[in-house]
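Reviewing the structure listed below.
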Amino acid sequence: MHVLRTALVVTVLAGLAPLQAAPPTSRRQWDLSPFSWLRRSPAEPGAAPNSHPIQVSPKALEQALGTVMVAIPEGDEHLFDPNESADLSRPLSEALAVARPGEDIELVSTTKRTGAVSSYALTVTARVFVVDGKLNILIHDARLDVAFAYTLTLQMPQYKFGSRTKASAVALKAEGAENRRPDWVVLPLTAVAPPPLVVAAPAPAATPAPPRPAPAPAPSPSLEQRFLRLKQLREQNLITEEEFAKRKQELLKEL
């Protein structure tokens, strides 16, 4: 039975290929695999407004997620594996950047956490939001076996997320963090400040170009050139014989 269960889980995990991402401008859900995703969701009734939207770098989120430890029967271990924290950080950054004050981020993340071939894919379910520059993580399930259950029923599980008003059985801790409850950890974050407004300096006044010198007047045709031109006009019948004689007399007076 143990071998069969392992084979089924490995088969399911083989199908956990990343799904096609949509542009993040107005997205509501970020699908990483059939059993791993994030989505914007209405905050719980009566919850105070969150500090959304907020720009937080994926690196800051990866570091924050990587510090959270969870108590299990075998001892404390990281809530998220290092690769898992890295995979979640970018979609979480995008989700926080477009979420509204009245929205939380619901998170489901499934992976084979111990790295052993025979290990099971276990799921974390969480409610995530930012208040006063701090990342709040409320965990409902830290090690939920949903992938194997799916292989038996072929029905997607109904997830539950952390709640502000009702604690779960999970116990968390993180260095430098505040524990509101055992299942609720508050982590400091470094928000990305909006880029400073760059005001373009006024362009220097253009130096007026020096006035262009007036073109030199074309040289007046000589008397001989004018006689030749007059003769051509007559030969081409462009002027009458009377006009030719009259203009000729005028030119002769200039001699």
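Couple of notes before you dig in:
- Modelled spin-label separation between Val98 and Lys59, with each label point placed 7 Å from Cα along the Cα-to-Cβ direction: 2.5 nm.
- Nearest-0.05 FRET efficiency for Ser26 and Lys166, computed from C-beta distance (R0 22 Å): 0.10
- The GluC sites (Glu not before Pro) of region 46-121 that meet both conditions, a loop assignment by DSSP and at most 13 other Cβ atoms within 10 Å of the site Cβ, are Glu74.
- With both labels modelled 7 Å from their Cα along Cα-to-Cβ, the Thr240 to Asp132 distance reads 10.9 nm.
- Arg143 versus Ala48: modelled label distance in nm, points set 7 Å from Cα along the beta carbon direction: 3.5
Read the figures in this text as sums done on the coordinates, not as results from a lab. Remember, predicted model here, so these are calculated numbers, not experimental data. Note: ideal-geometry Cβ built from the backbone for every residue, glycine included; neighbour counts use all protein chains shown.
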